[in-house]
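Following: one structure in structure tokens, then a few remarks.
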Amino acid sequence: MTPLNGAALGTYAGAAQLPNYDRSKVKPGILHLGIGAFHRAHQAVYVDDLLHNEPDWGIVGASLRHSATRAALEPQDGLYTIAVRDDDAVQTRIIGSVLRVLDWTLNAGEILNAIADPNIRIISLSVTEKGYCRTPSGDLDTALAVVKDDLSGHTLQSVPGILVAGLQHRQRQGAGPVTVLSCDNLSDNGPSTRRVVRQFAQIAAPDLLPWIDDNVTFPATMVDRITPATTSADIDAINHMTGFSDAWPITTEPFSQWVIEDDFAAGRPSFESAKVQMVADVRPFEAMKLRILNGAHSTLAYAGGLMGYTFVSEAVADPALSALLTRTVMDEVIPTLDLPTEDLAVYWDALLARFSNTSLPHRLDQIAQDGSQKLPPRLLDPIRENLEAGRSVLGLSYAVAAWIVWLERRMARGFEIVDPMASRLSLFAEESHGDTEKFAHIIFEKSGLFDDLSDEGFRRQVIDHTRKLNAVGRVLPL
Ligand code: CS2
């Protein structure tokens, strides 16, 4: 097999599609923080589509926590394979838009310099929900150890801290305006990013605030492409198909969507030419995606996990689970959304087909991670809105109950809970001595997630569902 790198592309005669532009002419215009599988399956592909006409928008990727991406991609000159899988059909493509990969632990100075580089006009982020270091109400969580340490000036490790330090450097260098583009599944991800960056600056560098307000925009985005973690079987199969030995290819689905609020401070590529939807207001799209797709994903992760399923495609094939989801989406989620019902019903049908893609081994336990960060925009916001409007929350409260029972069972069996709230959740479990009802009440009272969901009827419904789940161990028709 041929090692994948820039030199190998010239003589390649295999099946994979290659970049349609001369990589030596591409210059960096985007710095991306958090170069994980999602970025490589999504934004980097859109940029790859437009570099032929606009070679000034190449990507410098940075990993903030893990060194593995740099270790895999630097020897490959940033090149990697994506395999787009649709049941039996697979298409492979080599993506060339990532020019370099930096790693915060090794290259912090270079990353800060990139933020201050006038050629870098977009700083995009996919750092997961918890990367924003927010409290449940969306403020900068100054009690979080990484934030506290950064604010004391001893470390630089949180995303808001790194952005503020980099922007301060940019201001001093006179490098001009820049766009900070969040590509994470937070509601109002642009304004949410702006809020934590401003709050960090307010404490650490108050003089920078007017410069940020005048020079930095934070457009909101909706991002969507299902991207499971790559397995070693994927690596073997993909390399076998392309003839390259790629240390870390990515598998993904055919569907991809990116909707961006058109508010760029220092120019942008013609994203439209790569089929990005540029809009004045992302919120209706964002709410649709978070509440329908991500909400259904989280429901499947917990309820399907409790039923012993491993993958999304297995869980969604269970008639009781898919009936629960369809009913919840139709009766409880769609009424909270500001798009035509017919379009949303079509979106849901298409989504069921995406979830059923058996060639994507998308693990429920991958989706189940970080529930305390994911529940609010996916499930709790629509629950609150429905309660305010006097509508049913029977199905949505089922998903909350499934999260609670799933947590309790996982902890009782000694499995690690991957969640920034994990240590508090395990204290809550200890305090409740195996009594699910008590555990639920403690979560309601102490987690901070349910502070604006004190409705007694809702809480009773959640408890009722947990009882049924514990008694029967599977989803029953509502
Ligand atoms: C998933 C998302 O892991 C999760 O929480 O719900 O990563 C989902 O696959 C993407 O948002 C799809 O665009």
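What's the extension gain from Arg413 to Leu156 if we count 0.36 nm per residue and subtract their Cα-Cα distance?
Once the chain is fully extended between Arg413 and Leu156, it gains 88.9 nm.
Compared with the dominant principal axis of the Cα atoms in the chain, helix 456-472 is inclined by about 90°.
Applying the criteria of a DSSP loop state and at most 16 other Cβ atoms within 10 Å to the GluC sites (Glu not before Pro) of region 286-385 yields no site.
For Asp224, the residues whose amide H sits under 5 Å from its own are Gln257, ignoring neighbours fewer than 5 places away on the same chain, with H placed 1.01 Å from N.
From the Cα gyration tensor of region 69-120, with a ≥ b ≥ c the square roots of its eigenvalues, which class applies: rounded if a/c is under 1.5, or else prolate if a/b is larger than b/c, or else oblate? Judged from the Cα gyration tensor, region 69-120 comes out prolate (a/c at least 1.5, a/b above b/c).
In order along region 25-40, the phi-based Karplus estimate (6.51 cos²θ - 1.76 cosθ + 1.60, θ = phi - 60°) of 3J(HN,Hα) comes to 8, 7, 10, x, x, 10, 9, 10, 9, x, 7, x, 4, 4, 4, 5 Hz; Gly and Pro are listed as x.
Going by the alpha-carbon gyration tensor, a ≥ b ≥ c the square roots of its eigenvalues, is region 325-419 rounded (a/c under 1.5) or, if a/c is not under 1.5, prolate (a/b greater than b/c) versus oblate? Oblate shape, in that a/c is at least 1.5 and b/c is the bigger or equal ratio. Heavy-atom accessible surface of region 265-366, averaged per residue, reaches 38 Å², computed with a 1.4 Å probe. Let a ≥ b ≥ c be the square roots of the eigenvalues of the Cα gyration tensor of region 79-158; is it rounded (a/c under 1.5), or, if not, prolate (a/b larger than b/c) or oblate? Verdict is oblate for region 79-158. Dividing the summed -39500 (n - 2.57) terms of all DSSP H runs of n ≥ 4 by the residue count of the chain sets its mean residue ellipticity at 222 nm at -12500 deg cm²/dmol.
So between Asp236 and Asp214, what do we pick up on full extension, going 0.36 nm a residue minus the alpha carbon distance? Answer, rounded to one decimal: 3.0 nm. So what J values fall out for region 228-235 if you push phi through Karplus, 6.51 cos²θ - 1.76 cosθ + 1.60 with θ = phi - 60°, rounded to Hz, Gly and Pro as x? After applying 6.51 cos²θ - 1.76 cosθ + 1.60, I find x, 5, 6, 9, 5, 5, 4, 4 Hz.
Think of each Lys and Arg Cβ as +1 and each Asp and Glu Cβ as -1; about the Cα centre, that makes the dipole of the chain roughly 620 debye.
Here Ala317 and Ala89 are evaluated by their C-beta separation; at R0 = 22 Å the FRET efficiency comes out at 0.65. In degrees from 0 to 90, rounded to the nearest 10, what is the angle of the helix 159-173 Cα long axis to the longest principal axis of the chain? Taking the Cα atoms of the chain, the angle to 159-173 is about 30 degrees. Given the C-alpha centroids of region 413-475 and region 269-332, what is the distance between them in whole angstrom? So the two Cα centres are separated by 23 Å. If R0 is taken as 30 Å, the Cβ-Cβ distance between Lys275 and Leu339 corresponds to a FRET efficiency of 0.95.
Helix 341-355 and the long axis of the chain differ in direction by around 80°, with both axes built from C-alpha atoms.
Selection among Pro376, Ile404, Pro361 by position relative to the dipole of region 327-445 gives Pro361 as farthest towards the positive end (Cβ unit charges, Cα centre). Taking the DSSP beta bridges with both ends in region 1-157, the antiparallel portion is around 35 percent. For Phe311, the residues whose amide H sits under 5 Å from its own are Leu364, ignoring neighbours fewer than 5 places away on the same chain, with H placed 1.01 Å from N. Taking 7 Å steps out from each Cα toward its Cβ at Glu456 and Asp435 produces label points 2.0 nm apart. Remark: region 74-91, residue by residue, has Karplus-estimated 3J(HN,Hα) of 4, x, 9, 6, x, 6, 7, 9, 10, 10, 8, 10, 10, 6, 7, 8, 9, 10 Hz, where x stands for each Gly or Pro and the curve is 6.51 cos²θ - 1.76 cosθ + 1.60 at θ = phi - 60°. For the peptides 287-300, 59-72, the ranking by mean Cβ contacts within 10 Å, running from highest to lowest, is 287-300, 59-72. Spin-label pair Asp149-Ala229: with each label point 7 Å from Cα along the Cα-Cβ axis, the two points sit 2.3 nm from one another. When the solvent-accessible area of the chain is split by element, carbon and sulfur atoms take up 51 percent of it, the probe being 1.4 Å. Normalised per residue, the accessible area of region 1-155 is 41 Å², obtained with a 1.4 Å probe and no contribution from ligands, DNA or RNA.
The values are calculated or read from the model by the stated rules, or taken from the named source; none is laboratory data. Note that the coordinates shown come from a computational prediction; the quantities given were computed from them, not determined experimentally. Positions of Cβ are backbone-derived with ideal geometry, glycine not excepted, and every protein chain shown enters the neighbour counts. The area values use the complete protein model at the heavy-atom level, side chains included, leaving out ligands, DNA and RNA. Shrake-Rupley method; radii C 1.70, N 1.55, O 1.52, S 1.80 Å.
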